[in-house]
Amino acid sequence: MSCRSERAYLEVRSRRLRPYWPTLSAERPSTCTLTAGRIAEEAQFFSFGTNDLTQTTWGFSRDDVEAEFFSAYLDRGVFPVSPFETLDIDGVGRLVRIAVAEGRAARPDLTIGVCGEHGGDPGSVHFFHTASLDYILRSATGTMRRCGM
């Protein structure tokens with residue numbers, strides 16, 4: 001445990017607060033590729049925020065996708081579907097696999113999951129299963145939208 005982590009742990013214990021678990025919210029490509037192993041030495045959980053990770057990987061937002069210019073990408077086959085609806089396995093998915101491998105190499109018992117709208121897309125869920133994630137969280141509004149509510 002690093003000095004900073006140890007100080008935080010002792011502070012929590014001295015105040016009789018609930019214990020905390022160091023967690024990584026992986027929302028930047030550099031977190032997935034450059035620091036995942038080092039962070040896993042301290043963190044007990046990784047959680048991929050796939051909406052933000054998609055935005056920072058591709059350099060455009062969900063709003064851009066819903067704007068008119070993105071339809072040209074779909075028409076020309078640059079993207080088969082919106083990367084915010086179905087996870088881009090070759091790009092963002094590759095980052096997820098790198099972070100999972102590096103994180104579990106440093107901490108084999110690391111709990112890894114995903115939160116976001118991709119958790120309701122069958123193709124994305126299949127990928128998360130093959131990437132050995134432990135859990136999937138999805139917003140209630142996303143679930144309701146998927147069910148036509």
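No lab work stands behind these numbers, since they all come straight from the coordinates. Nothing here was measured: the structure is a model prediction, and the numbers come from that model. Please note: Cβ atoms are built from the backbone with ideal geometry, for glycine as well, and neighbour counts cover all protein chains shown.
Which net charge results when you count Lys and Arg as +1 and Asp and Glu as -1 among the other residues whose beta-carbon is under 15 Å from that of P80?
-4
Run the numbers on the range 49-125 and let me know its relative contact order in percent, using alpha-carbon pairs under 8 Å that are six or more apart. Working shown, then result.
Details: 49 pairs, mean separation 32.0, N = 77.
In percent, rounded to a whole number, it is 42.
Please compute one quarter of the surface area of the Cα convex hull for the range 11-133 and express it in square nanometres.
Working: hull surface 35.0 nm².
The orientation-averaged projected area of the Cα hull of the range 11-133 comes to 8.8 nm².
Using 0.36 nm per residue of separation minus the Cα-Cα distance, give me the extension gain between L74 and S14 in nm, one decimal. Spell out each step's value before the answer.
On the way: separation 60, 0.36 × 60 = 21.60 nm, distance 5.59 nm.
The L74-S14 span can extend by a further 16.0 nm.
Set the Förster distance to 25 Å, then compute FRET efficiency between I98 and Y135 from the Cβ-Cβ distance, nearest 0.05.
Given R0 = 25 Å and the Cβ-Cβ separation, E is 0.80.
For the pair T86 and D64, what calculated FRET efficiency results from E = 1/(1 + (r/R0)^6), where r is the Cβ-Cβ distance and R0 = 22 Å, to the nearest 0.05?
On the way: r = 17 Å, r/R0 = 0.75.
The value I calculate is 0.85.
Which residue, G93, S61, G123, has the largest displacement toward the positive end of the dipole of the range 59-125 when charges sit on each Cβ (Lys, Arg +1; Asp, Glu -1)?
Checked the options; the winner is G93.
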